[in-house]
Amino acid sequence: MTERVTSGRDAYTLLRDCGIRVPKEELATTEEEAVDIVHRIGYPVVLKIDSPDIIHKSDVSGVVLGIRDEEGLRRAYADLIARVRDLRPDAGITGVRIEEEAQAGLELLIGGTTDPAFGKTITFGLGGKLVEILRDTAVRVLPVPETEIRSMIREIRGYHLIQGFRDEPPRDEEALVSVMKGASNLFLDHPEFTEFDINPLILYEKGSIAVDARFVAGEERVSMEQKCRPLTSSMLNPNAIAVVGSTPDQSKIGYTITRNLLSFPGALYPVNPKHDQILGRKSFSRITDIPDPVDMVVIAVPAKVVPSIIHDCVEKGVLTAVIISFGFRESGEEGRRLEEEIVSIAQSGGVRIVGPNSLGIMVPPKQINTTFNNNSAIPGPFGFISQSGALITTIVDWSVFEDIGFSAVISAGNQSDIGFVDYIDLLADDEETKVIILYIEEIREGRRFLETVSRISWHKPVIAIKAGSSRIGRAAAASHTGSLAGDYQTYRAAFRQAGVVPADSIRSAFQIGGILSGQGYPGGKRAVIVTSAGGFAVLSSDYAERNGIDLVPLPQSVHTAMDLILPPGWSGRNPIDMIGDSTAGRFARVFDILLQDQSFWDIAVIISAPTAIADPKQVALEIVRFSEHTKNMVLAAFPGGDSVRPGIPVLRRGGVPVFSEVEDLFRSIGEVILATKKR
């Protein structure tokens with residue numbers, strides 16, 4: 001479908017009909033008509049080229065401001081037509097719009113587009129050329145309540161200009177809210193519109209006026225909503241697993257998968273017609289030769305053979321097929337057809353497909369590892385769903401060293417049958433999973449994703465890393481799994497709307513997860529900082545402000561109590577710098593004072609720098625004791641090297657999140673606080 005642009009008078013009519021003020025204007029096709037129009041409108045006026053072929057008038061200097069008399073009008077009209085014909089000889093010119101010139105004010109942008117995953121969105125930011133230079137914008141997925149609109153307005157850095165900055169007066173925020181509501185409803189009420197922008201909207205001390213707008217009609221890009229078929233818990237708890245492509249050849253993937261499943265307490269069946277026995281287990285020629293029921297089949301054979309294997313799965317009554325094989329949608333058109341074939345076969349018999357092009361799944365509490373990774377994850381609170389198998393191998397290796405455990409690790413692969421939303425639903429009902437972490441390159445069911453995680457995140461935290469923030473990253477995501485990656489900012493906005501905590505990196509995701517699994521969400525953002533190092537007191541003040549954390553003043557009673565137990569040189573304020581000679585006992589006495597009055601703080605951040613005086617194990621034990629006696633959040637930072645390491649496992653066993661970098665702690669809790677606002 002060819003895009004059709006609505007601009008000029010037609011765009012103004014749309015805005016006017018939904019209550020948005022626009023300038024008086026008329027279209028002139030000759031110089032004389034322009035003179036007659038100005039007699040009706042009055043000076044000063046603005047001239048704007050009117051052409052269906054020119055989207056950005058600034059590209060051809062297509063706007064002339066400040067026309068105050070007839071001589072200037074005639075000259076500007078002729079120059080404008082000549083300039084546009086010279087710069088864009090291919091463009092058709094409808095005429096010149098003569099508009100009343102709006103008074104100067106704060107220029108803003110309100111726009112919308114249609115995201116491949118989530119549908120229609122709205123964008124707000126500073127207008128004119130500033131939007132392209134500063135990229136100071138806020139985005140939301142439509143529809144949005146008025147509270148979200150207000151949140152968008154206050155989210156941009158330029159909000160200070162709306163509030164009133166230096167000698168600039170405050171602007172009419174209520175009028176802005178009204179315009180954004182009207183523009184949102186207009187966009188939603190016209191399904192044919194795929195994008196629009198009002199740029200600029202001029203905001204005054206009282207009221208506003210939209211002085212340029214366009215609406216684009218085209219083929220609506222909607223997310224691919226699949227029929228919802230809930231997964232059963234058998235995927236995480238199969239009684240019998242078969243491995244098709246199992247082999248005694250140590251250089252093959254099938255060998256590693258079989259080896260990784262030897263510790264599985266249920267039945268394990270290698271399937272390979274060339275061998276009678278593999279790794280001490282009887283081997284079968286086909287799945288259908290296995291005499292007992294099989295819940296899960298792991299497939300590691302060439303792609304062209306997979307359809308026949310899925311046929312056997314259907315005949316056998318298998319519940320889940322984990323397809324490690326590659327060469328499907330991610331490899332081109334022929335692979336896409338092959339993928340559609342195996343899905344069709346599987347659906348005919350009720351078989352659910354993990355993948356294809358999947359690393360496999362791990363369920364550490366059940367000693368299940370269907371992957372070809374060398375290491376197996378240890379049991380723990382995190383349910384991890386990833387579109388990248390290579391990322392899983394890296395994370396599992398790292399997690400073993402860091403003593404981070406998983407309830408489940410799922411490599412989604414191409415998501416031909418089971419998508420992110422299905423896996424999220426599965427882990428939401430899994431008692432072993434305390435926090436769900438997602439690595440996302442694409443979401444195909446955007447609306448269902450939002451509805452699902454909005455429901456789940458109220459009782460089980462969901463953290464998401466979205467790949468493809470750069471142009472090259474988006475291209476890499478597409479080639480990696482054949483995905484259509486949407487706008488990164490839109491994904492982050494959608495995450496926040498749904499109560500999902502966005503993370504910028506894998507490390508950050510697990511740091512945030514550590515906070516939520518160990519401490520849950522804080523009751524607010526009022527923080528008190530306790531440290532034995534003045535430098536960290538200063539840095540933490542900066543980090544707190546940067547991440548939206550309020551450092552509350554100490555109540556007089558608390559201040560007086562601190563004076564009695566701390567040396568004269570203590571900071572006398574929050575952050576509480578106890579001075580460098582602090583022992584575990586001094587930490588404990590400060591904690592006791594904070595426990596006596598827990599009403600003025602929501603979060604306690606404890607920073608222990610390495611010294612010869614403070615035993616890190618003893619300090620850690622005091623922090624754990626402190627945490628056990630309060631419902632408020634307690635976090636610890638132990639910056640340094642080997643000298644502080646003895647305290648880290650003590651904190652982890654005690655359920656206190658611990659960080660080696662102070663800045664990481666504040667960045668993580670800042671993200672958690674933002675998510676808390678949506679709860």
Exercise for the section: Determine the distance separating the Cα centre of region 327-402 from the Cα centre of region 96-116; give it in Å without decimals. Expected result: 48
Practice task
Convert each backbone phi in region 143-150 into a coupling constant with the Karplus relation 6.51 cos²θ - 1.76 cosθ + 1.60 (shift: θ = phi - 60°), then list the ³J(HN,Hα) values in order as whole Hz, x for Gly and Pro.
Solution key: x, 10, x, 4, 4, 5, 4, 5
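Between Cys228 and Glu451, what length in nm is gained on full extension when 0.36 nm per residue of separation is reduced by their alpha carbon distance?
Extra length from Cys228 to Glu451 when fully extended: 79.0 nm.
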Handout entry: Cα-based reach from Lys181 at 16 Å (exclusive), listing lysines while leaving out same-chain residues under 8 positions away
Key = Lys120
Problem - Ranked by how many other beta carbons lie within 10 Å on average, peptides 554-560, 608-614 from highest - result: 608-614, 554-560
Handout entry: Solvent-accessible area of Leu188 with every protein chain in place, 1.4 Å probe, in Å² to the nearest 10
Key = 70
Handout entry: Protection-proxy order for peptides 79-92, 43-56, each taking the mean of Cβ atoms within 10 Å per residue, highest first
Key = 43-56, 79-92
Exercise for the section: Using only alpha carbon pairs under 8 Å that are at least six residues apart, calculate the relative contact order of region 556-659 and give it in whole percent. Expected result: 25
Handout entry: Helical mean residue ellipticity (222 nm; -39500 (n - 2.57) per DSSP H run of 4+; nearest 500) of the chain
Key = -11500 deg cm²/dmol
Exercise for the section: For Ala321, enumerate residues with amide H under 5 Å from its amide H, sequence gap 5+ or separate chain, H modeled in the peptide plane. Expected result: Val297, Arg352, Ile353, Val354
Handout entry: Magnitude of the charge dipole, region 197-350, Cβ model with Lys/Arg +1 and Asp/Glu -1, debye to 20
Key = 520
Problem - Label assignment, percent of Cα pairs over 47 Å apart derived from the structure, set [x] 35; [y] 11; [z] 53 - result: [x]
Problem - For Phe284, distant residues with modelled amide H under 5 Å away - result: Val271, Asn272
Exercise for the section: Set the Förster radius R0 to 56 Å, insert the Cβ-Cβ distance between Gln596 and Asp36 as r into 1/(1 + (r/R0)^6), and round the FRET efficiency to 0.05. Expected result: 0.10
Problem - Under Karplus coefficients 6.51, -1.76 and 1.60, residue-wise ³J(HN,Hα) of region 604-617 in Hz, glycine/proline x - result: 10, 10, 10, 10, 10, 7, x, 9, 7, 8, 8, 6, x, 5
Handout entry: Net charge dipole size for region 20-107 [Lys, Arg +1 and Asp, Glu -1 on Cβ; Debye, nearest 20]
Key = 180
Handout entry: Value of relative contact order over the chain, rounded to a whole percent, pairs C-alpha under 8 Å and six or more apart
Key = 9
Problem - Selected from Leu594, Pro143, Tyr255, residue furthest toward positive end of dipole (the chain; charges at beta carbon) - result: Tyr255
Exercise for the section: Please report, in debye to the nearest 20, how large the charge dipole of the chain is about its Cα centre when each Lys and Arg carries +1 at its beta carbon and each Asp and Glu carries -1 there. Expected result: 1760
Handout entry: In order through region 282-293: 3J(HN,Hα) via Karplus (6.51 cos²θ - 1.76 cosθ + 1.60), integer Hz, x for Gly, Pro
Key = 4, 9, 10, 6, 9, 4, 5, 7, 5, x, 9, x
Exercise for the section: Just read off the accessible area of Leu564 with the full protein assembly in place, 1.4 Å probe, to the nearest 10 Å². Expected result: 150
Practice task
Within region 425-465, which residues have the backbone N less than 18 Å from the label spot 7 Å out from Tyr521 along Cα→beta-carbon, could you tell me?
Solution key: 428-429, 434-438, 450-464
Problem - Reachable lysines, given that their alpha-carbon falls under 23 Å from the alpha-carbon of Lys252 and they are not under 8 places away in the same chain - result: Lys274, Lys282, Lys304
Practice task
At 0.36 nm per residue, minus the direct Cα-Cα distance, what do Arg75 and Asn237 gain on full extension? Give it in nm, one decimal, please.
Solution key: 50.3 nm
Practice task
Output the peptides 149-160, 624-635 sorted from most to least packed, where packing is the average of other Cβ atoms within 10 Å over each peptide's residues.
Solution key: 624-635, 149-160
Completion exercise
One finds the C-alpha centres of region 535-591 and region 239-288 to be spaced, in Å, by 60
Completion exercise
Counting only residues 5 or more apart in sequence or on a different chain, those whose built amide H sits under 5 Å from that of Val552 are Ala527
Practice task
Of the DSSP beta bridges with both residues in the chain, give the percent that are antiparallel, rounding to the nearest 5.
Solution key: 50
Fill in the blank from the handout: In nanometres, the difference between 0.36 nm per residue of separation and the alpha-carbon distance of Ser331 and Gln367 is 9.7 nm
Exercise for the section: With label points built 7 Å along Cα→Cβ from the Cα atoms of Arg546 and Lys206, find their separation and express it in nm. Expected result: 4.4
Problem - Distance (nanometres) between label positions extended 7 Å along Cα→Cβ at Gln250 and Thr630 - result: 5.4
Fill in the blank from the handout: Extend 7 Å from the Cα of Asn375 along its Cα-to-C-beta direction; within region 403-418, residues with backbone N under 14 Å of that point are 403-406
Exercise for the section: At a 1.4 Å probe radius, which order do Glu99, Glu545, Glu33, Glu671 fall into by accessible area, largest first? Expected result: Glu545, Glu33, Glu671, Glu99
Fill in the blank from the handout: At R0 = 35 Å the Cβ-Cβ FRET efficiency linking Tyr43 and Phe165, nearest 0.05, sits at 0.65
Handout entry: Leu674 paired with Thr394, simple spin-label distance in nm, labels 7 Å along Cα-to-beta-carbon
Key = 2.2
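The values are calculated or read from the model by the stated rules, or taken from the named source; none is laboratory data. Small disclaimer: the values here were computed from a predicted structure and weren't measured. Heads up, the Cβs are rebuilt from the backbone with ideal geometry, glycines too, and the neighbour counts pull from every protein chain shown. For the accessible areas, the whole protein counts, side chains as well, though only heavy atoms, and no ligand, DNA or RNA atoms are used. Shrake-Rupley method; radii C 1.70, N 1.55, O 1.52, S 1.80 Å.
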